[in-house]
Every structure is written in structure tokens, then in C-alpha cells.
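The values are calculated or read from the model by the stated rules, or taken from the named source; none is laboratory data. All of these numbers come straight from a predicted model, not from anything done at the bench. Methodologically, a virtual Cβ is constructed for each residue, glycine included, from the backbone with ideal geometry; neighbour enumeration extends over all protein chains shown.
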Amino acid sequence: MSAPPKSGLGHSARLSPFQPETVWTLEGAELVERRGPREQRFALSGLTAFRLAKPREGGRRRVLTLVFGRRKAILTAQSYLGPGRFDDRLAGFSLFARAVAAVAADLAPRARFELAGVMAPRESLTWVMGLLGFGTVVMLLFAFSPGMGGVAIAIAARMAFLLILLAAALPWLGRGQGLDPHALPDDLLPSG
């Protein structure tokens, strides 16, 4: 069982069947994540992105991704109960997400607050570029094996060319729809 939160503002959800319930609390200028005996602290002054996602077809599912440089905290509005069963905790999630947004907006003025789909096109393209770059390096390593030199270099050259084309398209992809952290829409996070 997780330790009780030190402040009254918190949210909890079970993210998967093999994990204990995760409890997030807002303690001063820090977001604290407790999962079983493990505890992580995130200084809200280091927040770089506040990304709120909802399904395109509507519904009450929400996912909040908080990015702190290379570290992430992912909060959900639904808690896993069993196969195909979820507990709807949107009311508490909304209150907590609004509080985090308000505190983070003051402590991290350079943070991006945005509405994102399940996976934003920019993130998808970044993943594809990373995998393509890894494949290019692997093909160049194959060029050193006997009999594979010409074929591996030809494939690596094509992959590198495709990587350059994708990198040229990256600046034109939007980062997501911007959000005002002090006035989050009621259709995303119901306040009542």
C-alpha cells in the first residue's frame, strides 16, 4: 500500500494489471509519483511540456503526459480494474490536472501546454526517424562483412536519403493545439 499523501490534492490510478496503484500528489512545487514502495519526485519548475490527450471519438478517457527534459510522468483518468474493465476517475483527474497546470504555468513559463492526439504526428515521425537512423548504422556495419559491402552501402545510402527527407519535413509538423494553462476547456477537463 502506498503512503498517504502529505497534501489533500492528489490523484490515483492503476495503470496496468501487473503494477500496484500509482498515486500522484502535488506537494508544494513538486509532483510526487508513488507506485508501491517506489517514489519519484518531479520539480514543476523543470516542466517542458504539458500534453493532454483525449480520444478522437469522444468518451471520458484522458491521458496527461508531463515531460521534464528526458523524464516523463503519465497520468490517466481511468484506473484498470480487470480485463476490459476500468474505473472512471475523470472528476478527480480533472481537478488534479487543473492544479498541476496552474502551478506549472507560474513555475515553468517556457513550458508548452498543448492538446495532443493519442500520438502526435511529430512524435510518430521522430520515432520513425530514430528507427531509420538505427537501421542505417546497422547497414553500414554490415558493409564490413564479406560479400555484403556493395549491397549494404546501397541500402544505407537510400535509408540516409529518406532520413534527410523526413528531417526536412519535421519543422512543418505542428506540435499540437495550444492550451491556456489557466483556462483549460471544460469539455476536456469537466470542473463539476
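So that you can scan it fast, the table gives a plain yes or no per residue for (1) modelled with pLDDT of 85 or more; (2) in the same structural domain as Asp106 (by TED's automatic domain parsing); (3) in contact with a Lys or Arg (Cβ under 9 Å, 6 or more places away or on another chain); (4) not in a strand (DSSP E or B):
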| position | (1), (2), (3), (4) |
| --- | --- |
| Ala3 | no, no, yes, yes |
| Ser16 | no, yes, no, yes |
| Gln19 | no, yes, yes, yes |
| Val23 | yes, yes, yes, no |
| Val32 | yes, yes, yes, no |
| Glu39 | yes, yes, no, no |
| Phe42 | yes, yes, yes, no |
| Ser45 | yes, yes, no, yes |
| Val67 | yes, yes, yes, no |
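Scan region 47-65 residue by residue and report those that are assigned to a strand (DSSP E or B) and either over 16 Å from Ala108 (Cβ atoms) or modelled with pLDDT of 90 or more (or both). Break it down stepwise before answering.
Going through region 47-65, the residues assigned to a strand (DSSP E or B) turn out to be 49-53, 63-65.
Ala53, Val63 - these are the residues of region 47-65 that are assigned to a strand (DSSP E or B) and either over 16 Å from Ala108 (Cβ atoms) or modelled with pLDDT of 90 or more (or both).
Test of understanding: among Arg71, Arg122, Arg61, Arg51, which residue is touching a residue at least 12 places away in the same chain (Cβ under 8 Å) and under 20 Å from Arg35 (Cβ atoms)? Can you show your working first?
Working: Arg122 fails: under 20 Å from Arg35 (Cβ atoms); Arg61 fails: under 20 Å from Arg35 (Cβ atoms); Arg51 fails: under 20 Å from Arg35 (Cβ atoms).
Result of the check over Arg71, Arg122, Arg61, Arg51: Arg71.
Among the residues that make up region 81-88, is at least one of them part of a helix (DSSP H, G or I) and modelled with pLDDT of 80 or more? I'd like the intermediate steps shown before the answer.
Of the residues in region 81-88, the ones part of a helix (DSSP H, G or I) are none.
No; the residues of region 81-88 include none that is part of a helix (DSSP H, G or I) and modelled with pLDDT of 80 or more.
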Checking the conditions here, which among Phe93, Phe86, Phe68, Phe113 is of a type in the set (Phe, Trp, Tyr), in contact with a helix residue (DSSP H, G or I) (Cβ under 6 Å, 6 or more places away or on another chain) and surrounded by 14 or more Cβ atoms within 10 Å (Cβ to Cβ)? Phe68
Report the residue count in region 20-49 for those that are surrounded by 15 or more Cβ atoms within 10 Å (Cβ to Cβ), under 24 Å from Gly82 (Cβ atoms) and touching a Pro at 6+ places or on another chain (Cβ under 7 Å). 2
Conditions (1) farther than 28 Å from Phe50 by Cα; (2) exposed (fewer than 14 other Cβ atoms within 10 Å of the Cβ); (3) of a type in the set (Ser, Thr, Tyr); number of the one not met by Thr136: (2)
